[in-house]
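Have a look at the structure below before the remarks.
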Amino acid sequence: MQIEVPCPKCRNTRMKFPRPQPIDSDIITCFSCNFDLGTYGSIKAKMVAMLNRVAAAERQQKH
C-alpha cells in the first residue's frame with residue numbers, strides 16, 4: 001500500500017520509512033522537516049477511513 005499524505009507542518013508528501021516494507025508499529029516521519037506523522041498503522045487507518053468517506057459521498061451523489 002502506497003501512502004501519500006501531506007505533512008501538517010510543511011505540506012510535503014514525501015515520507016521517510018525505517019525499512020523497505022514497514023510494519024504497523026514503525027514511526028513514519030516527513031522527509032523534509034522530520035515531523036513525526038505517527039505509526040504506519042495509524043496512517044493506514046486514517047487513509048482507509050478517508051477513502052470510505054469519499055466512496056460513501058460518491059454513492060450518495062449517484063442516488
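Modelled spin-label separation between Phe17 and Met50, with each label point placed 7 Å from Cα along the Cα-to-Cβ direction: 1.7 nm. Close amide H pairs (under 5 Å, H built 1.01 Å from N) link Asp26 with Tyr40, Gly41, residues at least 5 positions away or on another chain. Computed from Cα atoms, the angle from the helix 40-62 axis to the main principal axis of the chain rounds to 20 degrees.
In the chain, the DSSP-assigned H stretches of four residues or longer account for a calculated mean residue ellipticity at 222 nm of -13000 deg cm²/dmol, using -39500 (n - 2.57) per stretch and the full residue count as denominator. In terms of its alpha-carbon gyration tensor, the range 1-49 comes out oblate; a/c meets the 1.5 threshold, while b/c is at least as large as a/b. Think of each Lys and Arg Cβ as +1 and each Asp and Glu Cβ as -1; about the Cα centre, that makes the dipole of the chain roughly 180 debye. Nonpolar atom fraction for the chain, defined as the carbon and sulfur part of the 1.4 Å probe accessible area, stands at 54 percent. Label point of Cys33 set 7 angstrom out along Cα-Cβ; within the range 6-25, amide nitrogens under 16 Å from it belong to 6-16. Solvent-accessible surface of the range 1-56, taken per residue with a 1.4 Å probe and all protein chains present: 68 Å². The residue among Ala56, Leu37, Ile27 whose Cα reaches farthest toward the positive pole of the charge dipole of the chain, with charges on the beta-carbon of Lys, Arg, Asp and Glu, is Ala56.
What order do you get for 20-28, 36-44 when each peptide is scored by the mean count of other beta carbon atoms within 10 Å, highest first? Spell out each step's value before the answer.
Working: 20-28: 12.3, 36-44: 15.9.
Result, highest mean Cβ count within 10 Å first: 36-44, 20-28.
The values are calculated or read from the model by the stated rules, or taken from the named source; none is laboratory data. All values reported here derive from a predicted model rather than from experimental measurement. Glycine also receives a Cβ, built like all others from the backbone with ideal geometry; neighbour counts cover every protein chain displayed. Each accessible area value is taken on the protein alone, full model and side chains, heavy atoms only, with ligands, DNA and RNA left out. Shrake-Rupley method; radii C 1.70, N 1.55, O 1.52, S 1.80 Å.
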